[in-house]
Amino acid sequence: MCNEYQLRARRADYDAAFRAVGADVLWLDPEPNRPLDGAFRPTDRAPILRRSPEGRIEGLEARWWLVPGFYRGPLSDWKAMCTNARIETAATTASFRDAVRTGRCLAPVTAVFEYDAPPGWRKGQPKRRWEVSWPADDASGPIRFMASLCARSRPADLPEGLDSFAVITRPAGADMSRIHDRQPVILTLAEGLAWLDRGGLDALPGPGPGGSLTLREAPR
């Protein structure tokens, strides 16, 4: 967890939410023309938001599967599974520890997906797919932000450089624990801005109480 999520929104939708709190977003690249009902999976490019060295919030498309800044080999040779960073160990894991200090970012999201084994499931059979969402709020509607870590690396076959990110996960709360033992750190707009500005893995909020999330069985 998390290896699939969705963003049923355009940049303008969350740009407006940031603008309403006095935080304009500077996009570094054009918005891709992607279907809103599509899902993001590892190695896909997805939008992230981060603080620039000058203090502005900037957005860009980045690869979901972090490649750390120290890596210099071909991209295809980076095999370490870095889609998720465990909140308990990210600060001491070689792939993530630099990003914990300097690569805090947010990945906008409107739903995450998880799979579990239905009663009577046997190996080789399909698992159930669950769509996990949350109520809309006044600040950003259905959009939330996954606390994430980003890095810029220069793999041997990408001399122009690569921006990539990983989603921070933690032990599941009351709702998610019904189907999985971990979940991404999901933030409101205010909590997301605090993560960008003050950081600190220990300051990230825990899962909400039971009933904070909605779980719906979804087609595969």
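The values are calculated or read from the model by the stated rules, or taken from the named source; none is laboratory data. These numbers come from a predicted model, not from an experiment. Surface areas here come from the heavy atoms of the whole protein model, side chains and all, with no ligands, DNA or RNA. Shrake-Rupley method; radii C 1.70, N 1.55, O 1.52, S 1.80 Å.
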For this session: Find the relative contact order for the range 36-77 and round it to a whole percent, using C-alpha pairs within less than 8 Å whose residues are 6+ positions apart.
Result: 34
Problem set entry | Mean accessible surface per residue for the chain, computed with a 1.4 Å probe while every protein chain stays in place, in Å² | 48
For this session: Step through the residues of the range 84-99 one at a time and calculate ³J(HN,Hα) from phi using the Karplus curve (6.51 cos²θ - 1.76 cosθ + 1.60, θ = phi - 60°), rounding each to whole Hz and writing x for Gly and Pro.
Result: 10, 10, 6, 4, 6, 10, 4, 5, 10, 8, 3, 5, 10, 5, 5, 5
For this session: Provide the gained length on full extension for the span LYS127 to ALA190, in nm with one decimal, where the gain is 0.36 nm per separating residue minus the Cα-Cα distance.
Result: 19.2 nm
Problem set entry | Stokes-Einstein diffusion coefficient of the range 1-113, Kirkwood radius over Cα pairs, 20 °C, 1.002 mPa s, in µm²/s | 139
Problem set entry | Most mobile listed residue (TRP78, TRP121, TRP65) in the chain, GNM with C-alpha springs under 10 Å | TRP121
Exercise. Taking every eigenvalue of the Cα gyration tensor of the chain, multiplying by 5 and rooting it, what semi-axes result, largest first, whole Å?
Worked result: 26, 22, 17
Exercise. Taking the C-alpha atoms of the range 121-220, how large are the radius of gyration and the largest Cα-Cα span, Dmax, in Å?
Worked result: 16.8, 47
Seminar exercise, completed: In whole percent, the fraction of accessible protein surface over the range 1-60 that belongs to carbon or sulfur atoms, probe radius 1.4 Å, stands at 49
